[in-house]
Structure formats: C-alpha cells, structure tokens
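Just so it is clear, none of the values below were taken in a lab; they were calculated from the coordinates. Here the structure is a predicted model, which is why all the values come from computation and not from measurement. Neighbour counts are summed over all protein chains in view; Cβ atoms, including those assigned to glycine, are modelled from backbone coordinates with ideal geometry.
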Ligand SMILES: *Cc1c(COP(=O)(O)O)cnc(C)c1O
C-alpha cells in the first residue's frame, strides 16, 4: 500500500477545545468545522469536539449531516441561507442562521415556517465582506427581533486583523457604537481574537484553526499557546538516489547538488495536498530527524535531503507535518498559512482517526 496517510487525533481535539475554553471561561464555544472540518473530516472533527456548545458550518448539507449524526447542540450556518427554499429545512432542523444582508432579512420576513429560527445578525465592522453597515444595523436587528420567524437574535461581527496586536481596536469600537443600545448576546472572536483579545470574548467565541492545533498568527507556533497538532501527515521513502555534484533532481532541476548528495524520494506530492510552491529547504522530518525538501514538488512525489541521516533508507518514515513538525512551519516556508495546507488535504489520502 502507498505509505502516505494522515492521522487525526481525537484527544488533541478534546485538549484544544478545553484549552480554548479555559482561555474564554465565560463564553460558549461555537466550534468552526467548515471546509470539511478544516480538512480533518467533518465528523472526525465533531467527534473530537463533541463537548462544544455549537458547531459552525457553511452549507446546509453539512448542518443536516451533523443533525443526522445525532448532534443536538447549536448549529450555525456561517453565511445563512442562500435561497428562501432553505429556510424550511433550517427551521425543521433547528439551525441558527447568520443574517448578513437585506435580501436574507426579507426572505425571513416573508417566509411561512414550521418553527421560528435563531439568528446571528452580522455587522460589517470593517472587513467589508458580509454584514449590515453600522448605520443600518440597529434597524436590521429591530426588524429581526420583531419578525415572527425569529426566535432570538445574537449580535455578530468578524475581525479582519485579529492576528495583529491592535487589530481589534477599530472594529470593536465600530461594533460597540452600533450596538450600544442593544441587549442581545454577542459573538465576535475567531481563534486569534480568542487567544489574544479577551475584550472580544462575549457570549459565543468562534474558534476554528486553533482547535486543530495550528496557529492563527504568522510566525508563531500553536504549541506556545498550549495547543496540540491534530493532523499528522506521514509517508515513507520509496526510493533513494545519489546525486553527483552538478546533478539535479525533479522537474525543472531546480535543485542542483553542489557535492555528492543522498536524496530520498517520498510518496507525497501536490495531488495529495502538499504545497507545490514549497521551495527547496522546506522542513520535513525523515526517520525522526529534521531535514529539508529538495527541488520541485511533483504530483505524487517529492525529494528530501538524506545527507545527515545515516539511518535513512527505503522504508524510512517521513513526517510532512503534524506531531513533530508544525504545519505552520511548513506553511511559512511555502509562503502560505497552515489553514490552507490543512484544508487542502486531498481526498485520496487515507485518514485514520486515532485516540
Ligand atoms: C472561519 C470563521 C471563523 C474561524 O476562524 P479561525 O481563524 O479559523 O479561528 C470564525 N468566524 C467566522 C465568521 C468564520 O468564517
């Protein structure tokens, strides 16, 4: 069998959830499990996060999958419904809807539903993606509060720069001004705000990436926040080469050896979700030793330096990221963020859930 596989640790998910809870002890936790649980698998993620107070997803289909699996906690549709036809299912299955736009508000006002739904009314506090403008917000909340199809309103916004030291100051001021007279519960914080800006915690925090043991902060390691990596991507050396000085490896021969170099070929490529843009020097662990990639990542394989690793041979284990190598470090070398690497894990990679 091809040696590439990923493991997903339930105990790491539980640990990270407990760690984040301790960080925001007065808030309820809405675990964000969109994008297939950040690449971990929706139900694999929720099994580890079963103690959360709610789950946030994007698509109705994901929400229904969670209800079908028996989850009774709050389920939030992060972009609300995309068409009026979805409202009845939302009401039947007790889903909570983000309402971010006049058209969604009107759909709710005009619907005939089997039950009222809870909503998160979204304010645009400066991100300029979704949400009511500050000057329209109180009126939108008033209409939602008065709407017979709405059972309760939570005030919500999302930060564009919560990973920056002073990144929540301005949007928080916008939020406080727009909601000063409103008595409803509040939900603002993503992982970065949860970890670094306690003034944003409110009634519901909405962590995503931190639950999976990766960092929302560029250049900072999730371990420093007491978080444990959930996904480990591992493979093995399937061939060995010795390059002579002047010889290259892989497409484009972008790495050329300056001296005789032992090279391992690893069964993992960009079709597995490994970033093709990871340059020579991207960290990788071979037979328990930190090493580096060499040359271009191809579709199914990549090359690694065996130079300093005397024990390495065909069959030696390789860790691409996870338990012993932060996905954040690999992402940084590849010019991206851990989020993207985790979400991009390809369906062809077998995933094993471990304790
Ligand atoms: C994805 C998302 C989150 C989680 O963000 P992280 O940075 O992964 O913690 C929170 N809130 C909203 C609205 C989101 O879309």
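All but one of (1) in a helix (DSSP H, G or I); (2) within 15 Å of the ligand (Cβ to nearest atom); (3) over 30 Å from residue 302 (Cα atoms) hold for residue 52; which doesn't?
The one condition residue 52 does not meet is (1).
Looking at this structure, is residue 211 within 12 Å of the ligand (Cβ to nearest atom), in a helix (DSSP H, G or I) and crowded, with 22+ Cβ neighbours inside 10 Å?
yes
Please go through (1) buried (at least 17 other Cβ atoms within 10 Å of the Cβ); (2) under 21 Å from residue 185 (Cα atoms); (3) free of Cβ contacts under 8 Å to residues at least 60 places away in the same chain for residue 149 and return the number of the only condition it doesn't satisfy.
Failing condition for residue 149: (3).
Give the residues of the range 21-41 that are more than 14 Å from the ligand (Cβ to nearest atom) and either at positive phi or buried (at least 21 other Cβ atoms within 10 Å of the Cβ) (or both), sorted by residue number.
Passing the criteria: only 41.
Filter the range 296-319 down to the residues that are in contact with a helix residue (DSSP H, G or I) (Cβ under 8 Å, 6 or more places away or on another chain) and surrounded by fewer than 23 Cβ atoms within 10 Å (Cβ to Cβ), then identify the one that is nearest to residue 246 (Cα to Cα).
So the residue we want is 296.
Which numbered condition trips up residue 12, out of (1) more than 30 Å from residue 319 (Cα to Cα); (2) away from the ligand (no atom under 14 Å from the Cβ); (3) under 16 Å from the mean Cα position of the chain (by Cα)?
For residue 12, the failing item is (1).
Report yes if some residue within the range 68-75 is out of contact with any strand residue (DSSP E or B) (no Cβ under 8 Å at 6 or more places or on another chain), without any contact (Cβ under 8 Å) to a residue 40 or more places away in the chain, assigned to a helix (DSSP H, G or I) and surrounded by 18 or more Cβ atoms within 10 Å (Cβ to Cβ); otherwise report no.
no
With the structure loaded, tell me whether residue 97 is in a loop (DSSP other than H, G, I, E, B), in contact with a strand residue (DSSP E or B) (Cβ under 7 Å, 6 or more places away or on another chain), within 14 Å of the ligand (Cβ to nearest atom) and within 16 Å of residue 58 (Cα to Cα) or whether it fails that test.
no
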